[in-house]
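The values are calculated or read from the model by the stated rules, or taken from the named source; none is laboratory data. Just so it is clear, the structure is predicted and the values come from calculations on it, not from any experiment. Heads up, the Cβs are rebuilt from the backbone with ideal geometry, glycines too, and the neighbour counts pull from every protein chain shown. Each accessible area value is taken on the protein alone, full model and side chains, heavy atoms only, with ligands, DNA and RNA left out. Shrake-Rupley method; radii C 1.70, N 1.55, O 1.52, S 1.80 Å.
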Amino acid sequence: MDCNLCPRLRAHCAEIARVRRRAYAEWEYWGKPVPSFGDPRARVLALGLAPGAHGSNRTGRPFTGDGSGDFLYPVLHEAGFASQRTAVSRDDGMKLHGLWITSVVRCAPPGNKPTPEELRNCAPWLDEEISLLTNLRVVVCLGRIAFDGLLVQLRRAGVDGMPPRSSFVFAHGAEFALPNGWTAIASFHPSLQNTNTGKLTTEMLLAVFLRARELAGL
Ligand code: SF4
């Protein structure tokens, strides 16, 4: 929460927290790097891109308080990972079971586009986090940047026998057996851009998390 490695992102988050959206004028925005959330004994990891400017950058919890979370958490509830459908704040009582949620970048980037340097800056946090999730079996990558982020992470971690990058082609629902015993599942990101256009439906995302559950032996 105290990390300042990306001056551009820290300034952007602070500015959003200062200006605020009219609908949230009464909120005290979180405005700091957003900690991950979930069950430390998780077998399934949901890996996202970055905090939403007026979602988790406001509430301080991944996918909480914006359209992406309003789409994601009911699916997680239906799939048995989340204790409730609604996610509005850090103290709304939500608990996750068997699932950990994190992202490749922990500060909201302008236009949802972190630079390669910012992705590299945040990578050690992801490495450390993954090293602590010792029960992990399945990683659901929410979006192409998260998918790429996982592949880079596995190479950084020195996983032996990784197939060439060309064997990993992103497609919604695609599964990849990894040499460390995990399975990666690619999914479209539950952004409004994808969900409002029907590119990603509730049924499509639910199928991904039910499959993750099955693969994780839950
Ligand atoms: S994006 Fe990650 S590395 Fe960059 S300032 Fe935020 S927490 Fe630190």
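If the condition is being assigned to a helix (DSSP H, G or I), on the phi > 0 side of the Ramachandran plot and buried (at least 16 other Cβ atoms within 10 Å of the Cβ), then the stretch 103-151 contributes only Asn112. With respect to Cys3, determine if the residue is within 11 Å of the ligand (Cβ to nearest atom), buried (at least 21 other Cβ atoms within 10 Å of the Cβ) and in contact (Cβ under 8 Å) with a residue 24 or more places away in the chain. So Cys3 does not fit the description; no.
Among the listed residues Ala23, Ala50, identify the single one that is more than 17 Å from Leu132 (Cβ to Cβ), of a type in the set (A, V, I, L, M, F, W, C) and more than 21 Å from the chain's Cα centre (by Cα).
Numbers: Ala50 fails: more than 21 Å from the chain's Cα centre (by Cα).
Testing whether each residue is more than 17 Å from Leu132 (Cβ to Cβ), of a type in the set (A, V, I, L, M, F, W, C) and more than 21 Å from the chain's Cα centre (by Cα) leaves just Ala23.
Here's the yes/no breakdown for (1) among the charged types (D, E, K, R); (2) away from the ligand (no atom under 13 Å from the Cβ):
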residue	(1), (2)
Pro7	no, no
His12	no, no
Arg18	yes, yes
Glu28	yes, yes
Leu45	no, yes
Ala53	no, yes
Gly65	no, yes
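Which members of the stretch 7-24 meet the condition of being at negative phi and either open to solvent by less than 50 Å² (accessible area, probe 1.4 Å) or basic (Lys, Arg) (or both)?
Arg8, Leu9, Arg10, Cys13, Ile16, Ala17, Arg18, Arg21, Arg22
To keep it simple, each residue is scored yes or no on (1) at pLDDT below 95; (2) more than 23 Å from Phe63 (Cα to Cα); (3) acidic (Asp, Glu).
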site	(1), (2), (3)
Arg120	no, no, no
Ile185	no, no, no
Leu192	no, no, no
Glu203	no, no, yes
Glu214	no, yes, yes
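Restricting the stretch 69-83 to residues that are open to solvent by 10 Å² or more (accessible area, probe 1.4 Å) and in contact with a helix residue (DSSP H, G or I) (Cβ under 7 Å, 6 or more places away or on another chain) leaves a set whose member that is nearest to Thr201 (Cα to Cα) is Phe71. Only one of the listed residues (Arg120, Arg155, Arg144) is over 20 Å from His12 (Cβ atoms), of a type in the set (D, E, K, R) and within 17 Å of the chain's Cα centre (by Cα). That residue is Arg144. Summed over the stretch 87-102, the residues that are free of Cβ contacts under 8 Å to residues at least 40 places away in the same chain and on the phi > 0 side of the Ramachandran plot give a count of 1.
Among the residues of the stretch 23-34, at least one is at pLDDT below 95, of a type outside the set (A, V, I, L, M, F, W, C) and more than 16 Å from Met94 (Cβ to Cβ). Candidates are the residues of the stretch 84-102 that are surrounded by fewer than 18 Cβ atoms within 10 Å (Cβ to Cβ) and of a type in the set (Val, Ile, Thr); the one that is farthest from the ligand (Cβ to nearest atom) is Thr86. Checked against (1) surrounded by 16 or more Cβ atoms within 10 Å (Cβ to Cβ); (2) within 12 Å of the ligand (Cβ to nearest atom), Phe37 passes all but a single condition, namely (2).
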